[in-house]
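Undergrad: Could you have a look at this structure, given as structure tokens, before my questions?
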Amino acid sequence: MPKKYTDDQLLQLCVDSAKEKLAEDVVTLSIGSVSSIADFFVVATANSEPQLRAVADFIERKAREKFGVHTSSSTENSEGGWVLLDFGNVIVHIMTPEMRARYNLEGLWGDAEKLRRMRPELQ
């Protein structure tokens with residue numbers, strides 16, 4: 001059965017949902033040209049463990065409601081300061097400031113294109 005959404009639409013929903021729950025410094029990386037694990041990463045900061053879980057739950061709920069999509073894996077335990085939501089071609093990383101600084105995903109994936117703006121037709 002073909003999916004009823006594009007990866008760009010799912011990406012935009014993840015970014016918008018993270019921002020709606022007040023995640024900070026939301027960055028989108030186009031990693032498809034440098035990796036086969038996904039096409040996009042979304043990296044966002046949550047300033048507390050409760051916010052970390054709230055952002056992750058909200059993104060999962062919105063994706064399920066709008067597109068009927070579920071994560072193929074997620075980190076249920078937010079106490080480690082990092083929640084990963086794997087939607088296949090879109091992977092969302094929600095991290096506390098400490099974890100984000102420690103793992104520096106934007107630096108690690110420095111060859112990936114950093115998307116500054118989403119496409120106008122998706123806004």
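Undergrad: Keeping to the range 100-112, report how many residues are under 14 Å from Ala46 (Cβ atoms) and either modelled with pLDDT of 95 or more or among the small types (Gly, Ala, Ser) (or both).
TA: 1
Undergrad: Is the range 56-77 home to any residue that is within 17 Å of Leu115 (Cβ to Cβ) and charged (D, E, K, R)?
TA: No, every residue in the range 56-77 fails to be within 17 Å of Leu115 (Cβ to Cβ) and charged (D, E, K, R).
Undergrad: Name the residue that is modelled with the highest pLDDT, counting only residues in the range 27-76 that are hydroxyl-bearing (Ser, Thr, Tyr) and exposed (fewer than 15 other Cβ atoms within 10 Å of the Cβ).
TA: Out of the qualifying residues, it is Ser48.
Undergrad: Specify which of the listed residues (Val27, Val15, Val42) is assigned to a helix (DSSP H, G or I), under 12 Å from Ile94 (Cα atoms) and not polar (S, T, N, Q). Write out each step before concluding.
TA: Numbers: Val27 fails: assigned to a helix (DSSP H, G or I); Val42 fails: assigned to a helix (DSSP H, G or I).
Exactly one of Val27, Val15, Val42 is assigned to a helix (DSSP H, G or I), under 12 Å from Ile94 (Cα atoms) and not polar (S, T, N, Q), namely Val15.
The values are calculated or read from the model by the stated rules, or taken from the named source; none is laboratory data. These numbers were taken from a predicted model, which means no experiment stands behind them. Positions of Cβ are backbone-derived with ideal geometry, glycine not excepted, and every protein chain shown enters the neighbour counts.
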